[in-house]
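Here the structure comes first, spelled out in structure tokens, and everything after it is commentary.
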Amino acid sequence: MSTPLPHSLSELALAPVLIELERNLARLRASEDLELLLALDLNDQELFYHGPAQRAGRLEKFATREVDLHGWSVRPTPDLYGLAVEHGEYSVSLMFGQRLVAYVLEGPAPVE
């Protein structure tokens, strides 16, 4: 099987798009206060998000904020464990990681 080569500028831009999305997800993973970072960057509040699908969408908004997607679309994966980055017949998944999956499935961690 041969290696697929990019056929458009959008396909050529996949690596930079993935790098930027991963950088944004890494900021979330490393944050001491996940809820505060999300609220400040997105100018919203947790009370707007009532279930796992909505919280996964919130992470998508954060990850794609200020990223030039070059025609790629981003949406939560069906299992809500990451983001699907898609264009044409190509799809790549970026995983949220354990902490972000816990946020998606259970909501914000209780304040201690």
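The values are calculated or read from the model by the stated rules, or taken from the named source; none is laboratory data. The structure presented is a predicted model; accordingly, all values stated were derived computationally and were not measured. Positions of Cβ are backbone-derived with ideal geometry, glycine not excepted, and every protein chain shown enters the neighbour counts. The area values use the complete protein model at the heavy-atom level, side chains included, leaving out ligands, DNA and RNA. Shrake-Rupley method; radii C 1.70, N 1.55, O 1.52, S 1.80 Å.
In segment 41-57, the residues that are farther than 13 Å from Val104 by Cα form no Cβ pair under 7 Å with any partner that is in a loop (DSSP other than H, G, I, E, B) and among the β-branched types (Val, Ile, Thr), whether six or more places apart or across chains. Of the strands (runs of 3 or more DSSP E) lying entirely inside segment 42-96, those carrying at least 1 residues that are among the acidic types (Asp, Glu) are 82-87. Reported count of residues in segment 80-100, each being free of Cβ contacts under 8 Å to residues at least 12 places away in the same chain and under 13 Å from the mean Cα position of the chain (by Cα), is 1.
The one condition from (1) closer than 21 Å to Leu47 by Cβ; (2) open to solvent by 50 Å² or more (accessible area, probe 1.4 Å) that Ala102 does not meet is (2). What do you reckon, is Leu105 under 13 Å from the mean Cα position of the chain (by Cα) and touching a residue at least 24 places away in the same chain (Cβ under 8 Å)? It is false that Leu105 is under 13 Å from the mean Cα position of the chain (by Cα) and touching a residue at least 24 places away in the same chain (Cβ under 8 Å).
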